[in-house]
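Visitor: Structure incoming, see below.
The values are calculated or read from the model by the stated rules, or taken from the named source; none is laboratory data. A quick note: this is a predicted structure, and the numbers were derived from the prediction, not measured. Using ideal geometry, Cβ is built from the backbone for each residue, glycine included, and neighbour counts are taken over all protein chains shown.
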Amino acid sequence: MVYRLLAPIFASSLMPVGLTVAALVLAPVEARAEVTSAECQIHAVLATKSGDGTIPADLGFLAEQLRDDQFAAFKGFRLLESKSLKLNIGEPGSATMKSGHQLKLSLLGAEASKLRLHATLASGEKVLVDTDYKIESSGILLIGGVRHPDGKIFFAIQCRGGS
Amino acid sequence: MSRVNQGTSEKIQALFDGELSAEERREMEALLADDADANASFEELGLLRQAIVGTLEAEAAAVPEARFEQIWDEVERTIVRDARLQEAADVNVSIWSRMAAFFKPLWAPTVAVAGVAAAVAIFVATSDDGAADDANTPAVVASKEPMPAPQESAVLPAAPAEEIVAAKVEAGEPASNNEAEIQRIEFGGKSGRIDRIEGKQGITTVIWISDDDETTDSERSL
């Protein structure tokens, strides 16, 4: 009878101890996961309404996305150019593309395995889109539909976090 | 016996039980020889004892021998058990052993609570705070293949901005959840929308910029 009364009291008193121990154990893990930089690739893809629907080999990493119904209106795809940016927190990067568009990227921080980024796509002085987003390291964000004489341009942004 | 006074009756009872001294016994024997009532009381006591003993002997005779053996076996077992318990009680147990024995029933709930606490801490420490409230983030996590490096022919040779790094970015490891969580967005053109593409590689977020009339409507138009 005494044990039945003491057991929950004793167990409850150990709850803070267990939480503290777990926090101490996990603290180094969190510290190791801190991300302070990112390496980003920016790919400009031209989607045209003429073509046989074949996706070139250099766009293989986007093949699944380009075959989606959202791109059904386009029959041809071509990788216009790719650029790399290295970002540090507080040090944004900028890439001016051949199409005349300028893409600015900033690493805002990281939460767990995700990167917090700020992206601005501009055409000349005109800002087309300005966004803050969070994405898994190496995840791809597509920004598309920018007018081009031969079709539409899509930008694929892929960033990988580093420390 | 009622004809004998109280003191004489008590002495007769003591004589019957053999509790008198030699002198008292001689006095009582003389009294019994002279007093018929006292003698009758003494004889009544003898008859009473004989009746009781006879009854007990008759009951004992009715019990089979096997029953006696069982009783003696039980008695022996009881004696051995008591001796063992006494021996164990006489052992000088250390304070730590007694404390361990006292807290032994508490180990199970202690371990259970510690385990639950650790699990909660791990969940809190490793969970993504945006996963629950993010409409863009699906519950299903999918892997994706790493992005291959573009072919050299597709890369422009010169980069006008000084922020552009010439170093080639290696293909990233597969992301566990590819969908982007759009936290804030502003379209400078007419409109835009956020869409998603679900595939074997996971979910890819697409931001569509509508700068002309050719774009299609979306249920997630902003």
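Visitor: Could you go through segment B:38-57 and let me know if any residue there is among the hydroxyl-bearing types (Ser, Thr, Tyr) and in contact with a helix residue (DSSP H, G or I) (Cβ under 6 Å, 6 or more places away or on another chain).
Guide: Filtering segment B:38-57 for residues among the hydroxyl-bearing types (Ser, Thr, Tyr) gives B:41, B:55.
Next, from what is left, pick out any that are in contact with a helix residue (DSSP H, G or I) (Cβ under 6 Å, 6 or more places away or on another chain): B:41.
Scanning segment B:38-57, I find at least one residue that is among the hydroxyl-bearing types (Ser, Thr, Tyr) and in contact with a helix residue (DSSP H, G or I) (Cβ under 6 Å, 6 or more places away or on another chain), so the answer is yes.
Visitor: Let me ask something else about it. Kindly indicate whether any position in segment A:116-134 is facing chain B (nearest Cβ under 9 Å), part of a strand (DSSP E or B), over 19 Å from the mean Cα position of the chain (by Cα) and polar (S, T, N, Q).
Guide: Yes; the residues of segment A:116-134 include at least one that is facing chain B (nearest Cβ under 9 Å), part of a strand (DSSP E or B), over 19 Å from the mean Cα position of the chain (by Cα) and polar (S, T, N, Q).
Visitor: Pairs, please: C-beta under 7 Å, at least 6 apart or cross-chain, first residue within 16 Å of residue B:39 (Cα to Cα) and in segment B:1-25, second among the basic types (Lys, Arg)?
Guide: Close Cβ pairs (under 7 Å, with a partner that is among the basic types (Lys, Arg)) amount to B:15/B:25.
Visitor: Looking only at residues that are at the interface with another protein chain (Cβ under 7 Å from one of its Cβ atoms) and under 16 Å from residue A:70 (Cα atoms) in segment B:201-222, which one is modelled with the lowest pLDDT?
Guide: So the first thing to find is which residues in segment B:201-222 are at the interface with another protein chain (Cβ under 7 Å from one of its Cβ atoms), and the list is B:201, B:204-212, B:215.
Subsequent filtering for residues that are under 16 Å from residue A:70 (Cα atoms) retains B:204-210, B:215.
Numbers: B:204: 91, B:205: 92, B:206: 92, B:207: 92, B:208: 91, B:209: 88, B:210: 79, B:215: 40.
The extreme case among them is B:215.
Visitor: Hey, can you tell me all the residues within segment A:135-159 that are of a type outside the set (S, T, N, Q) and at the interface with chain B (Cβ under 7 Å from one of its Cβ atoms)? Please lay out each step first, then the result.
Guide: At the first step, the residues of segment A:135-159 found to be of a type outside the set (S, T, N, Q) are A:135-136, A:139-157, A:159.
Across segment A:135-159, the qualifying residues are A:135, A:136, A:139, A:140, A:141, A:142, A:143, A:144, A:145, A:146, A:147.
Visitor: Related question: Within segment B:78-87, identify whether any single residue is over 30 Å from residue B:17 (Cβ atoms) and modelled with pLDDT under 85, and answer yes or no. Before the answer, list the steps.
Guide: Here is the first cut: in segment B:78-87, the residues over 30 Å from residue B:17 (Cβ atoms) are B:78-87.
From the residues that got through so far, the ones that are modelled with pLDDT under 85 too are B:87.
For segment B:78-87, residues over 30 Å from residue B:17 (Cβ atoms) and modelled with pLDDT under 85: present.
Visitor: Condition first: of a type in the set (D, E, K, R), loosely packed, with under 14 Cβ neighbours inside 10 Å and within 23 Å of the chain's Cα centre (by Cα). Now tell me which residues in segment A:32-59 satisfy that.
Guide: A:32, A:34
Visitor: Additional query: Considering A:116, A:147, which residue is of a type outside the set (Asp, Glu) and free of Cβ contacts under 8 Å to residues at least 12 places away in the same chain?
Guide: One residue alone meets the criteria, A:147.
Visitor: Could you check how many residues of segment B:180-197 are buried (at least 17 other Cβ atoms within 10 Å of the Cβ), in contact (Cβ under 8 Å) with a residue 24 or more places away in the chain, out of contact with any Gly (no Cβ under 6 Å at 6 or more places or on another chain) and at the interface with another protein chain (Cβ under 7 Å from one of its Cβ atoms)?
Guide: 5
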